[in-house]
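The values are calculated or read from the model by the stated rules, or taken from the named source; none is laboratory data. On a predicted model such as this, the values are computed, not experimentally measured, just so you know. Using ideal geometry, Cβ is built from the backbone for each residue, glycine included, and neighbour counts are taken over all protein chains shown. These accessible areas exclude ligands, DNA and RNA; they are computed on the full protein's heavy atoms, side chains included. Shrake-Rupley method; radii C 1.70, N 1.55, O 1.52, S 1.80 Å.
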Amino acid sequence: MTTSSDATGQPHPRGSRIAAALALIVLAVGPLLPTLRATFVYDDTTIIRDNVLLRGWGALVHVWSQPYWPGDGVDALGLYRPLHIALLATVWNMGAGSARWMHVYALLLAALVTLTLWWLLRRGAGAAASLAAAAWFATHPLHVEAVASVANTSELVVVLCTIGIVWVLRRTLPTPERATRDWTRAAMVGVLASSALMAKESGLLAVPLAALTVWGWRRDTPPLAAFLTSNMRAWLAASVAVIAVLLARLVVLGAPVSHGSIAAQGIGTLSGGERVTAMLSLWPRIVEMLAWPSALSPYYGPTIFPAQRVGLALLSVMIAAALAGLCVVFARRGDRRPLVALAWIALTYLPASNLLAATGQILSDRTLFGATVGVSLGRAWIVDRLPAFGRKVALVLLALLIARGAVVGVTYAVAWTSHRTLWARLAEVSPNEHLSYKLRGMDARARGDNANAMVLLTRALAMAPSDRQIRFELGQAQYASQRFAAAVLTLVPLLRDADVRGEPAFVALYLDATGHAGGADAVVRAATPLLRGESARVAALFAGAAHDQLGRRAAADSAYTMGLRRAPGDSALTARLAALRVR
């Protein structure tokens, strides 16, 4: 019978390994099975459903020269993830655009990550501790967003690539003499390093994290200097690969980072010090999400910041410093495994932590995916060090956590099956966030329920009066309900924005509502200031028609003529002017 051994050197028959692997697959996939009946929700609507870049097998060529977010101008977000988009394009074309096949792909990734993590755990911990920690990881409810929202499976790809680098570096663990001749091994590291970065920006840290893991997640840790010098070819290949991706990113995006601010609402107006303090004050909540997740949400807005930010930030820093110091003590005594676990938590969360720079979200479940790997490593280490009786108790407690995680995960996965259930979950968990009312209002308007939409969107606007999309959605709901005067009051502040004034659909909606509310004279007053701006064509159509209705043919002729100066050859204006002049 074929056997293998864990970090303790204990043999394990092949049959038991297969049974354990199957159990882990069931635990990783089972709680997430409700996602198979999910539609495209949240970011999936833009990144997958409406993304023309995915259509056709030619996408596998085109994705390398395109930014992550589709559409005009959104490359300003500074995101370049061609490998992730190429994988999505492959699944899209194989499954003929089916949402179910996309979710099958995400579930397969979840199972694969769990199995690779189990492999990693066994390199530094005993069989029971490794299996229990992997099972805990498999059922963690924080993973629901990263799997249910297929657009966010890039988190899983980065972890897979990082553990893949660990596998390659551990595969031969060469002496310095052998390493200098091992170009194949170095090339594999380079490919995985570039793949991690092309899946998501956080993949930039995949190589240092993998290197630390190889060096420290084992009982017989080699000297650091010997480890670094014996892998010089791998470090060189990884550096070349990463630089190549960064250059490609520069060419595609036109800049190494975002062209403008992508700061999430609630941190964009804070100074650097205020932002760091605010984010540090969230660490107790993050610990809760990692250890005992309950009130998980698809969105965390400014209302999650606690009142006592400074005090909680200081407490968080002191606890983190004490924990890091404890890991250093263990490392000096020859056990670097706690240091590796802490590094996985810190380095995978750091890019999205808002500590170095403001990002597009304050906090999200998906950005903690890599951190759960670190917690799993830490749990395995703790169980591994306990005496026999303590290990049994710890395993029982882990079993309870696994069962609870599976139940919470199933419930949360159901919430991710449609926009309506997802927004309801957001409202339940974050009742003071404007986004829950905004999204539910938009969903109600899309279903034709304008009465409910107006209630929800009015409340959202009261909470976030600067949100332009809420105003536009509310104005449309009021217009559809024939509340034209209210629609005008809602829409008119948007005219201060030149980009909005350049949207013909918006200007037409605003002027039509004005006409219904106040008649032709009101349309003339509203349209006249717009005749010399971005919306001159639409304004001319409405102003000319209003003047004509009032019997002012000369004024109507002038309005149409002004519109044609800004939009020469416009068919609608030309026809109106011709009809006016033949009368």
Considering only residues that are at pLDDT 95 or above and open to solvent by less than 20 Å² (accessible area, probe 1.4 Å), which ones fall in the range 311-348? 313, 316, 327, 337, 338, 340, 341, 343, 344
Listed by first then second residue, the pairs whose first member lies in the range 402-414 and is within 8 Å of residue 141 (Cα to Cα), whose partner is aliphatic (A, V, I, L, M) and assigned to a helix (DSSP H, G or I), with beta carbons under 6 Å and at least 6 positions apart or on separate chains, are 409/144; 412/144
Any residue at all in the range 382-403 that's in contact with a Ser or Thr (Cβ under 6 Å, 6 or more places away or on another chain) and closer than 24 Å to residue 131 by Cα? yes
Name the single residue that is surrounded by the fewest Cβ atoms within 10 Å (Cβ to Cβ) among those in the range 58-75 being in contact with a Pro (Cβ under 9 Å, 6 or more places away or on another chain) and at pLDDT below 90. 74
Out of the range 474-497, which residues are open to solvent by 40 Å² or more (accessible area, probe 1.4 Å) and part of a helix (DSSP H, G or I)? 476, 479, 480, 485, 489, 492, 496
Select, from 237, 199, 241, the only residue that is over 23 Å from the mean Cα position of the chain (by Cα), crowded, with 17+ Cβ neighbours inside 10 Å and under 21 Å from residue 85 (Cα atoms). 241
Candidate set from the range 272-310 (those that are among the charged types (D, E, K, R) and loosely packed, with under 14 Cβ neighbours inside 10 Å); member that is farthest from residue 409 (Cα to Cα): 274
Between residues in the range 122-135 that are without any contact (Cβ under 8 Å) to a residue 12 or more places away in the chain and open to solvent by 20 Å² or more (accessible area, probe 1.4 Å) and residues that are part of a helix (DSSP H, G or I) and of a type in the set (Gly, Ala, Ser), which pairs lie under 7 Å by C-beta distance while being six or more apart or on different chains? none
Restricting attention to the range 453-473, and to residues there that are open to solvent by less than 20 Å² (accessible area, probe 1.4 Å) and over 18 Å from residue 424 (Cβ atoms), which single residue is modelled with the highest pLDDT? 470
Residue 279 fails exactly one of (1) closer than 11 Å to residue 363 by Cα; (2) part of a loop (DSSP other than H, G, I, E, B), namely (2)
Candidates 253, 224, filtered to the one that is more than 30 Å from residue 281 (Cα to Cα) and modelled with pLDDT of 85 or more: 253
If we keep just the residues of the range 417-452 that are more than 20 Å from residue 145 (Cα to Cα) and touching a residue at least 60 places away in the same chain (Cβ under 8 Å), which is least open to solvent (accessible area, probe 1.4 Å)? 434
Taking the condition in contact (Cβ under 8 Å) with a residue 24 or more places away in the chain, among the charged types (D, E, K, R) and under 23 Å from residue 34 (Cβ atoms), does residue 391 pass? no
Can you say whether residue 192 is buried (at least 24 other Cβ atoms within 10 Å of the Cβ) and either in contact with a helix residue (DSSP H, G or I) (Cβ under 7 Å, 6 or more places away or on another chain) or assigned to a helix (DSSP H, G or I) (or both), as far as the supplied structure shows? yes
Considering only the range 544-561, how many residues are under 16 Å from residue 581 (Cβ atoms), of a type in the set (A, V, I, L, M, F, W, C) and in contact with a helix residue (DSSP H, G or I) (Cβ under 6 Å, 6 or more places away or on another chain)? 3
Hits in the range 524-564 (condition: without any contact (Cβ under 8 Å) to a residue 24 or more places away in the chain and surrounded by fewer than 14 Cβ atoms within 10 Å (Cβ to Cβ)): 525, 529, 551, 554, 561
Quick one: which helices (runs of 4 or more DSSP H) sit completely within the range 325-429 and have at least 2 residues that are of a type in the set (Ser, Thr, Tyr)? 337-349, 369-385, 388-415
